[in-house]
Amino acid sequence: MRFELNKEFLEKLREKIAAGDTAWISEHVLELHYADIAEILDRLNNDEAKYIYFQMEEEVQADVLMELDEDIRDRFLASLSSKEIADQLENLDSDDAADILGELSEEKIQEVISQMEDDEAAEDIVDLLNYDEDTAGGLMQKEFIRAKLDWPVNRCLVELRRQAEDVEKVYTIYVVDDLNKLVGVLSLKRLLFASPKTKIVDLYQGKNIIYMKTNDSSEEVVKIMEKYDLVSIPVVDLQNKLVGRITLDDVVDIIKEEADKDFQLASGISERIESTFSVWRITRARIPWLFIAMLGGIVGAQVISTFKGGITQVPALAFFIPLITAMGGNVGVQSSAIVVQSLAKDNGLFDSILQKLLKEALVALVNGLILSAFIYGIAYYFENATLGMVVSISLFCVIIFAAIFGTMIPLVLNHYKIDPALATGPFVTTLNDIVGLFIYFTVGMLLYHI
C-alpha cells in the first residue's frame, strides 16, 4: 500500500520521538520505503530527523540521505561531525558521495576524507572531485563490473561475485584488456550459459561500443543515452582506459535539473530556487527580470504618451491596446519555444537559420491572415471600418514581427552560448509589447491622418 504523509501522522510521530518510543517508530517509519522516510525527514527539524536517521540500517541511511531535498540535506549534514559524515559516505556510491562532499567547504572536505576508514573509497571520491560536475567524469561512479579478455568463464564468475559486493546494480559487464582499456561489453546471459573453460575473448561484443570520455559534457551524455536507449554507459579517460560508468538515475536527475532551470528562466527567474529557500534568495532570483519588465512597461508607457494626441482624437484606439500587446507576446513566446525545443533536442528540425525564419514567417502569415480577418469584424462592430483596418493591419504586422523576432532571439542567444530558454520569458514578451504598441499607433496615425 502506498504511504501518504499527512499532518496527523507527523504530529503523532513527533509525540513518539519526544517519548522515545522506538518500537512505534520502527514499525511505522523504519519499515517504509526510503523515499517515504526521506519525505518524512524533510518535514522534521534537525534533532527529530537525526533521532530517526540513526535508528536506520546503514544501507537505508545512504538511500534516505540522497532522497532528501538538497537544502534539508545541507542543513542535516551541517549538524553532523566530520566522522559521522565520513561514515555515511562509505555507504554511498562514489558519485553520490562526491556530490555530497562537493557541497561542503574545502576545509570540511579535507576533514571528512581524513576520517574515512576505507582508503579505496576515499581515493575514488577524491578522484571524482577533480572532474567538473557538468562533465561525464563528474557524473560517473567508480563502481562497475569488469572482465578481462583472457579470463575463462569459471574465473570470471568468481571475480564478478567479488566485484559485485560494491556494485548496487549490475547492468553490463565491461570487457578490458591487460592495460585496462575498454574493448567491449559482455551479456550476463551469455556468460551464464557459456561453458566454464570458454574465454571471455570468445564471448564479448566488441563492435559499436557506445562510451563517453571523461571530458564530455553532461548534455552530450544525456543525448547519447537517450539516442541509444541505454540504462548505463561506460566512461573512459583520454587513453581509452575504463574509469567509471554513468547510470540512468544520474541522467534523469540532469534532465529534471535542466527542465527546472529552463522553466524558471522562461518564467523570469535568474537562478535555481526551491520553495524552501529563504525570502531573500527567492527575491534575488526574481527581481532582475521584474526590473526589466518594469522598464519595458515604462518604455511602453512612453510610446503611448508619444501618441496621446491620436488617442485623444480617436479614443477607441485605446480599446485594443491590451489585445495588441497580448498577441505580440503570445506569438513571440510560441515561436521561441519551438526553436528552443529544437535546439535542446538538436534533432535537425530545421536545416538552417534561414529555414527556421522562413517556416515561422509562413506560420505567422497564415495565423495573421486568419486573426486579422476576425478582429476586423470585431473592431468594425466597436467603431467603424477605419478602426477595423487599423486593428487588423496592426495585428497582422505584430504577429509577423513577433514570430520572426521570437525565432531569431533564441538562435542568437544559442550562438553566444547563452541559454536560449531565456528567450521564452519576459525578454521576448517585453520587447514585443513595446514594438507592438509602436506599430499599432503608427498604423492608427497613418489611417486616421492624424
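The values are calculated or read from the model by the stated rules, or taken from the named source; none is laboratory data. Because the structure is predicted, anything quoted here is derived from the model rather than measured. Cβ atoms come from the backbone with ideal geometry, glycine included; neighbour counts cover every protein chain shown.
Looking only at residues of region 142-169 that are under 22 Å from Y204 (Cβ atoms) and under 26 Å from the mean Cα position of the chain (by Cα), we find that the one that is surrounded by the fewest Cβ atoms within 10 Å (Cβ to Cβ) is K169. Taking each residue of region 41-66 that is assigned to a loop (DSSP other than H, G, I, E, B) and looking for partners that are modelled with pLDDT of 90 or more and β-branched (V, I, T) with beta-carbon atoms closer than 7 Å, six or more apart or interchain, yields Q55/T22; Q55/I25; M56/V64. Taking the residues in region 379-392 that are touching a Gly at 6+ places or on another chain (Cβ under 8 Å) and free of Cβ contacts under 8 Å to residues at least 24 places away in the same chain as candidates, determine which candidate is farthest from Y448 (Cα to Cα). Residue satisfying both the conditions and the ranking: Y380.
Every residue, every condition in (1) among the aromatic types (F, W, Y); (2) out of contact with any Phe, Trp or Tyr (no Cβ under 6 Å at 6 or more places or on another chain); (3) assigned to a loop (DSSP other than H, G, I, E, B); (4) not assigned by TED's automatic domain parsing to the domain that holds E90, yes or no:
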| site | (1), (2), (3), (4) |
| --- | --- |
| K108 | no, yes, no, no |
| I113 | no, yes, no, no |
| E117 | no, yes, yes, no |
| Y131 | yes, yes, yes, no |
| R155 | no, yes, no, yes |
| E159 | no, yes, no, yes |
| R162 | no, yes, no, yes |
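For T407, the stated conditions do not hold, so it cannot be described as in contact (Cβ under 8 Å) with a residue 12 or more places away in the chain, under 14 Å from N330 (Cβ atoms) and assigned by TED's automatic domain parsing to the domain that holds G309.
Being at pLDDT below 75, loosely packed, with under 15 Cβ neighbours inside 10 Å, part of a helix (DSSP H, G or I) and assigned by TED's automatic domain parsing to the domain that holds P420 holds for only one residue in L295, L349, L354, and it is L354.
Can you pull out every residue in region 115-126 that is touching a residue at least 24 places away in the same chain (Cβ under 8 Å) and more than 25 Å from the chain's Cα centre (by Cα)? Result: Q115, M116, E117, D118, A121, D124. When the test is whether a residue is modelled with pLDDT under 90, crowded, with 18+ Cβ neighbours inside 10 Å and either farther than 19 Å from D249 by Cα or touching a strand residue (DSSP E or B) at 6+ places or on another chain (Cβ under 6 Å) (or both), A121 passes it.
Would you call A38 of a type in the set (G, A, S) and farther than 23 Å from A78 by Cβ? No; evaluated as a whole, the condition is false for this residue. Considering D42, D95, D69, the condition of being within 26 Å of the chain's Cα centre (by Cα), buried (at least 17 other Cβ atoms within 10 Å of the Cβ) and closer than 26 Å to Y131 by Cβ is satisfied by D95 alone.
Can you find a residue that is closer than 21 Å to N180 by Cβ, of a type in the set (K, R) and free of Cβ contacts under 8 Å to residues at least 60 places away in the same chain anywhere in region 140-155?
yes
Here F307 clears all of (1) under 23 Å from the mean Cα position of the chain (by Cα); (2) at pLDDT 75 or above except the condition numbered (1). Each residue in region 13-25 was checked for being assigned to a helix (DSSP H, G or I) and surrounded by 13 or more Cβ atoms within 10 Å (Cβ to Cβ), and 7 of them qualify.
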